[in-house]
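Below is one structure, written out as structure tokens; comments come after it.
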Amino acid sequence: MASAKKQITQLAKQFYKLSFENGVLSADRVSGVLAYIEKHRPAHTLAVLQAYHRLVAAEVARGQAVIEHAGPADQASLDAIAAALSKKYGRPVTATAKRNDALLAGLRVRVGDDVYESSVAGQLAVLGAAV
Amino acid sequence: MSSVLEQIEQQIAQLSTKAVKKNTGHIRTVADGVARIDGLSDVMYNEMVQFPGGVIGIALNLEEDEVGCVVLGDISKLKEGDEVQTTGKLLSVPVGKALLGRAVDALGNPVDGKGPIAATETNPVEKIAPGIIVRKSVSQPLFTGIMAIDSMIPIGRGQRELIIGDRGTGKTTIAIDTIINQAKINKVGLASGDPKFRPVYSIYVAIGQKNSNIVRTIAALEAAGALEYTIIVSAPAADNPANQYLAPYSGAAMGEWFMENGMDALIVYDDLSKHAVAYRQISLILKRPSGREAYPGDVFYLHSRLLERSARLEGKGSLTALPIIETLAGDVSAYIPTNVISITDGQIFLETDLFNQGIRPAVSVGLSVSRVGSAAQIKATKQVGGKLKGELAQFRELAAFAQFGSDLDAKTKAQLERGARIVELFKQPAFNPIPIELQVAVLFAMQKNYFDAIDTKQVVAAANSLKEFFTTRKDALLTEIRTKAALDKDLEAKLQAALEEWKPTFNG
């Protein structure tokens, strides 16, 4: 059981490495990997695909900033945030806006595992936990 | 109500409007007290993580594609996909005198129903032990109140002395007697107003025990008036293994507060065998490689880093440790016992055979040792008890030999008689620690052969009579022994006179 899990993880990582071109995740390469898996059906195909999906999703999330905002947000602000994050992380980060009125006001920006909280709802949650 | 409003206003004023960065992840699986998390790319080893619903955990396994966290709380509230955040903090527990008299869990939350604890400080649960330069050698005695130990296996403040034996041999009783004795000494010392007196505060860490046992222990401490100087850290068998794993470190953090603030403390870990089992369970669930007896490879480090935190510090206080280990069938060469024996500064070995013979405390004098030795004894005890260990060793040798025949010379017979009387003298009921000055008086009587004329079976009664005589009629003499801590010619003469006064009163 443990060795099967190890095999699955190793195979998924190999596919993940093959999905990069010049250090950037390539849609073509990902398609190529999927085609290979479809054709050759390695052992534990489903588990391998699920592990591969997790790795690719994490990489996509690292290159994408989801900017949740309450109320209107102009494109210039979104672009400025994306540029600042690209500089901070040293890699290209694209911004995606998502309206979330539950924030009340302010922004919440998620890049990969990092969350930058400056919304009113977030501040109130911190206040509530402290009190 | 106005204080509640003030509290909220203070929090609002402190609230920062800057963006706060958090590192997050999502639960992939949760089972057996362990959550495996995707993400948490910035988490550090042993960092506290926050689960939904106020549940906290500790990151113990940092792997390439997931983080394994032990959950310290109600795991039933968690599910796959829940968001987890890092806190940037190590696990800390409340410390300070506010915890005295209270029972808390491994995280420092009160479990005795006496309301919240007004602790103002916290200490990290995991901390690097003091280095070499800041330590001071052990030279102050820690009196257990148990004559067999104080006279032959003396313990000093800052020492680690292991209590080891099979189940039901009186290990916990020795620890509780020591705590009760500290409380008695504290009361007398604080009442005397002596500015040089240093009380000893106690911490009792219960790991993996039955709740009924813990309640009984607390009741015994309360009945003896010792609870007000004691902190109880409770991680019973019903608690999850993560809490049982953390409880000794939490107790050590509480003890370190006393040590760092110039006070002396005693900590009892009851017991480290169950602690090792809890750590084994966590490690196996985290899929760490297992070694001998399925324990993880760092089980030695588990206990060495805990026990090294007990020390005596230069210019500060001390933390004395009494770890307890349970053996199976008296096997001291098993894995965990040998590990802890090699870490500690001595051991008190309790034998089942002695216990069954009625010799209680069932201390095996031959196998027990204190590596600090007489450096932790007052001069008076050395004067009256210095030869006891040797006499008992001779007695044991001769007793085995004497079984084969009855033709013994007078000297051998005398040694056997004397040894048998010493064994009887060291019998002591549970929860009845004897003050050191009274021990000196009793051992002086033994040294001066006052028990030689008394039948062996009457020695216990004679000793009790002697103790009662001194306690009720020679209190001033006992105080003098306690304050001088050494027997000069004058004190010896007074003791001799007192014994001559006592002798006709005992009709043995």
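In the set B:Ala206, B:Ala183, which member is part of a helix (DSSP H, G or I), of a type in the set (A, V, I, L, M) and modelled with pLDDT of 95 or more? When all the criteria are applied, what remains is B:Ala183. If you check B:Ser151, B:Ser92 for being in contact with a helix residue (DSSP H, G or I) (Cβ under 7 Å, 6 or more places away or on another chain) and hydroxyl-bearing (Ser, Thr, Tyr), only one passes: B:Ser151. Determine if region B:253-260 includes at least one residue that is touching a residue at least 40 places away in the same chain (Cβ under 8 Å), over 21 Å from B:Ala226 (Cα atoms) and among the aromatic types (Phe, Trp, Tyr). No, region B:253-260 has no match at all. Going by the structure shown, is B:Val49 in a strand (DSSP E or B), in contact with a helix residue (DSSP H, G or I) (Cβ under 7 Å, 6 or more places away or on another chain) and within 14 Å of B:Asp82 (Cβ to Cβ)? Spelling it out, it is not the case that B:Val49 is in a strand (DSSP E or B), in contact with a helix residue (DSSP H, G or I) (Cβ under 7 Å, 6 or more places away or on another chain) and within 14 Å of B:Asp82 (Cβ to Cβ).
Hey, does region B:109-123 have a residue that's within 14 Å of chain A (Cβ to nearest Cβ) and either of a type in the set (Val, Ile, Thr) or out of contact with any strand residue (DSSP E or B) (no Cβ under 7 Å at 6 or more places or on another chain) (or both)?
The answer is no, given that none of the residues of region B:109-123 is within 14 Å of chain A (Cβ to nearest Cβ) and either of a type in the set (Val, Ile, Thr) or out of contact with any strand residue (DSSP E or B) (no Cβ under 7 Å at 6 or more places or on another chain) (or both).
If I go through region A:4-48 residue by residue, how many of them are of a type outside the set (Val, Ile, Thr) and either within 27 Å of A:Val93 (Cβ to Cβ) or touching an Asp or Glu at 6+ places or on another chain (Cβ under 7 Å) (or both)? Residues in region A:4-48 being of a type outside the set (Val, Ile, Thr) and either within 27 Å of A:Val93 (Cβ to Cβ) or touching an Asp or Glu at 6+ places or on another chain (Cβ under 7 Å) (or both): 20 in total. Looking across B:Arg309, B:Arg292, one residue alone is away from chain A (no Cβ under 14 Å) and either under 19 Å from the mean Cα position of the chain (by Cα) or touching a residue at least 60 places away in the same chain (Cβ under 8 Å) (or both). It is B:Arg309.
Can you go through A:Ser86, A:Ser77 and tell me which one is modelled with pLDDT of 90 or more and away from chain B (no Cβ under 13 Å)?
Working: A:Ser77 fails: modelled with pLDDT of 90 or more.
Result: A:Ser86 is the single residue among A:Ser86, A:Ser77 that is modelled with pLDDT of 90 or more and away from chain B (no Cβ under 13 Å).
Here A:Ala47 passes the criteria (1) within 14 Å of chain B (Cβ to nearest Cβ); (2) in a helix (DSSP H, G or I); (3) small (Gly, Ala, Ser); (4) under 23 Å from B:Asp42 (Cβ atoms) except the one numbered (4). Among the residues making up region B:430-442, those that are over 12 Å from B:Leu487 (Cα atoms) and either over 24 Å from the mean Cα position of the chain (by Cα) or part of a helix (DSSP H, G or I) (or both) are B:Ile436, B:Leu438, B:Gln439, B:Val442.
For the criterion of being touching a residue at least 40 places away in the same chain (Cβ under 8 Å), in a helix (DSSP H, G or I) and touching a strand residue (DSSP E or B) at 6+ places or on another chain (Cβ under 9 Å), B:Gln244 passes.
Only a single criterion out of (1) within 12 Å of chain B (Cβ to nearest Cβ); (2) under 17 Å from the mean Cα position of the chain (by Cα); (3) small (Gly, Ala, Ser) is not satisfied by A:Ala27, namely (1). When the residues of region A:92-117 are filtered to those that are away from every other protein chain (no Cβ under 14 Å) and not polar (S, T, N, Q), the one that is farthest from A:Ile67 (Cα to Cα) is A:Pro92. When region B:235-256 is examined, which residues are found to be of a type in the set (A, V, I, L, M, F, W, C) and surrounded by 24 or more Cβ atoms within 10 Å (Cβ to Cβ)? Result: B:Ala235, B:Ala242, B:Leu246, B:Ala247, B:Ala252, B:Ala253, B:Met254.
Only one of B:Val20, B:Val71, B:Val84, B:Val43 is within 14 Å of chain A (Cβ to nearest Cβ) and in contact with a Gly (Cβ under 6 Å, 6 or more places away or on another chain). Can you tell me which?
That would be B:Val84, the only listed residue that is within 14 Å of chain A (Cβ to nearest Cβ) and in contact with a Gly (Cβ under 6 Å, 6 or more places away or on another chain).
For B:Ile56, state whether it is at the interface with chain A (Cβ under 7 Å from one of its Cβ atoms) and either without any contact (Cβ under 8 Å) to a residue 60 or more places away in the chain or touching an Asp or Glu at 6+ places or on another chain (Cβ under 7 Å) (or both). Here the answer is no, as B:Ile56 does not meet what is asked. I'd like to check something: does region A:69-81 contain any residue that is in contact with a helix residue (DSSP H, G or I) (Cβ under 8 Å, 6 or more places away or on another chain), over 22 Å from A:Ser26 (Cβ atoms) and buried (at least 17 other Cβ atoms within 10 Å of the Cβ)? Yes, that holds for at least one residue.
For region A:1-44, a tally of residues being touching a residue at least 24 places away in the same chain (Cβ under 8 Å) and part of a loop (DSSP other than H, G, I, E, B) returns 4.
The values are calculated or read from the model by the stated rules, or taken from the named source; none is laboratory data. Source: prediction; values computed, not measured. Cβ coordinates were reconstructed from backbone atoms using ideal geometry, including for glycine residues, and neighbour counts include every protein chain displayed.
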